[in-house]
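*Asks:* To start, I am sharing the structure in question, which I have written as structure tokens.
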Ligand code: GLN
């Protein structure tokens, strides 16, 4: 029978609960255990697919096409666990299912449908579902902060769940903040006491406390936390802010003995911890040999999490190339206002990520023109591919009015158009072309060189595509479709021939990159950027 780890958060949001869960999953895997991870989000949207990146950050897409919370990206980057749409539930998704059952009239036998037991049963069923396959530990993260009204059904459900399967098969981990008060010159444990108090009020006694802190927590403070929170002293774990990278988090948790506590308390049969490979990877982050400046030109540049997986994948590419990737965040509208030269001079690579809507489009196109004409490596992702196509059509094919019908429905040259399968779609949630689709690569292309395979699978999230009426004209002028859906109907990759590295893809490669296995396209893009930097340096020296 699988054991269960429940992770709650207290005091404030944004403590890095997702990262902590991912790190725990990774540590357990490195002890030879099979884990699965799941997140409950208390908001009422059915999924984050319809939310603005300002609200929610990136929407993370899974192989099965589920549009999920970005914490699932951490889960996938840190572990080998398989993630599916069963790994992310919101209040909306739970209620939707309860309400559908009620409307069908078969399930509730005429009873009054209530939060307890019907909603909590639905939540518990979701937890059980993850424990069905071969798995040793299921890690369930409860989004939000203890005390939030919306989170209550989830907390009540996990309390009941532990009663159902036996308290000895469950472990409650509470992540809190131990703030430092400058004026008093000390760390404060009271917020932690209060938030644990709140958990205990609803019947959950945490077994482990992970305390986020900017400063070391003294043994005395740990004693105090243990005493007031009724937690074993050894189970008060410090999680200090990391200096270089999020990938240090599991190492620091292991140093503080977390994996051993979990294994002991849950009586798991586990192998000794093996962190050699991971430590070597972190060492590469801390001691890079090269440096590349990569401009990301997008429209949510001020939001730290809007292009989360893209930033992570760039870091992974840096690790693979033993380089530090210096991110140059460029607001697309600024390019339109101030010109590309002012913002992109001196960068070694340009990346335009995915996106929706008109704002910033002309700036993105301008940035791509700059990269194309200055022979700066360019990597276009989804909208970044569509913009590259528009730019090429306007500048090289001379089709001044070229556009995507997303931005100009009456464009004379709709080089990007709505996919046929999307023509009749009216509803918004979960209706794009989503999830993993195969793509056949052209022999001799940069893409094939990167992947080292003729057929690949990548994740998608889009409504528009390259208009096939223009496919040949593009190819004749040097912008080649180098990746196609196996039946040849959808262009998935465009590559510019006469350029050091110009690859634009309709899919989202960033979702499949991992720190120890950088995505091949990101890896080669950063390698091309490093090569360019090196040759400009030699050029200057000459
Ligand atoms: N808006 C474009 C489309 O729907 C691009 C989507 C994206 O970049 N994810 O096709």
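Rule-based calculations on the coordinates, nothing more; no lab input. The shown structure was predicted, so the numbers you read here are calculated from the model rather than taken from an experiment. With ideal geometry, Cβ positions are generated from the backbone for all residues, glycine too; neighbour counts draw on all protein chains shown.
*Asks:* For region 1-157, take the convex hull of the Cα atoms, compute a quarter of its surface area, and give me that in nm², please.
*Replies:* Its Cα hull, projected and averaged over all orientations, spans 9.8 nm².
*Asks:* Looking at the chain only, what percent of DSSP beta bridges run antiparallel? Nearest 5 please.
*Replies:* 35
*Asks:* Where does each of 224, 517 land when they are ranked from fewest to most other beta-carbon atoms within 10 angstrom?
*Replies:* Ranked by crowding around the Cβ, least crowded first: 517, 224.
*Asks:* Could you state the angle between the C-alpha long axis of helix 17-29 and the longest principal axis of the C-alpha atoms of the chain, as a value from 0 to 90 degrees rounded to the nearest 10?
*Replies:* So the inclination is approximately 80 degrees.
*Asks:* If you don't mind, there's one more thing I want to ask. Taking the Cα atoms only, what angle lies between the long axis of helix 520-541 and the longest principal axis of the chain, rounded to 10 degrees?
*Replies:* 60
*Asks:* Quick one: compute the contact order of the chain, relative version, from alpha carbon pairs under 8 angstrom and 6+ residues apart, as a percent.
*Replies:* Over the chain, the number comes to 15 percent.
*Asks:* Considering region 384-542, what Rg and Dmax in Å follow from its alpha-carbon atoms?
*Replies:* Radius of gyration, then largest Cα-Cα span, for region 384-542: 16.9, 60 Å.
*Asks:* Over region 311-406, what is the relative contact order in percent, taking alpha-carbon pairs closer than 8 angstrom and at least six residues apart?
*Replies:* Averaging sequence separation for qualifying contacts and normalising by length gives 24 percent for region 311-406.
*Asks:* Continuing with the same structure: Please compute, over every Cα-Cα pair in region 355-414, the percentage with a separation greater than 19 angstrom.
*Replies:* The proportion of pairs with Cα distances above 19 Å equals 22 percent.
*Asks:* Counting other C-beta atoms within 10 Å, which of 161, 228 has the fewest, and how do the rest follow?
*Replies:* The order, fewest Cβ neighbours first, is 228, 161.
*Asks:* When N is the residue count of the chain, what does its C-alpha Rg come to as a fraction of 2.2 N^0.38 Å?
*Replies:* For the chain, the normalised Cα radius of gyration comes out at 1.04.
*Asks:* Could you state the number of Å between the C-alpha centres of region 184-259 and region 389-412?
*Replies:* Going from one Cα centre to the other spans 56 Å.
*Asks:* So, one more: Counting residues in region 88-202 as N, plug N into 2.2 N^0.38 Å and put the Cα Rg over that result.
*Replies:* 1.32
*Asks:* Label-point separation (nm) for residue 457 and residue 373, each offset 7 Å from Cα along Cα-to-Cβ?
*Replies:* About 4.3 nm separates the two model spin labels.
*Asks:* Note down the relative contact order for region 467-542 as a percent, whole number, built from C-alpha pairs under 8 angstrom at least six residues apart.
*Replies:* After rounding, I find 17 percent.
*Asks:* Okay, next question. When a footprinting reagent is the concern and you count Cβ atoms within 10 Å, what order do 108, 307, 43, 244 take, fewest first?
*Replies:* Lowest to highest Cβ neighbour count: 244, 108, 43, 307.
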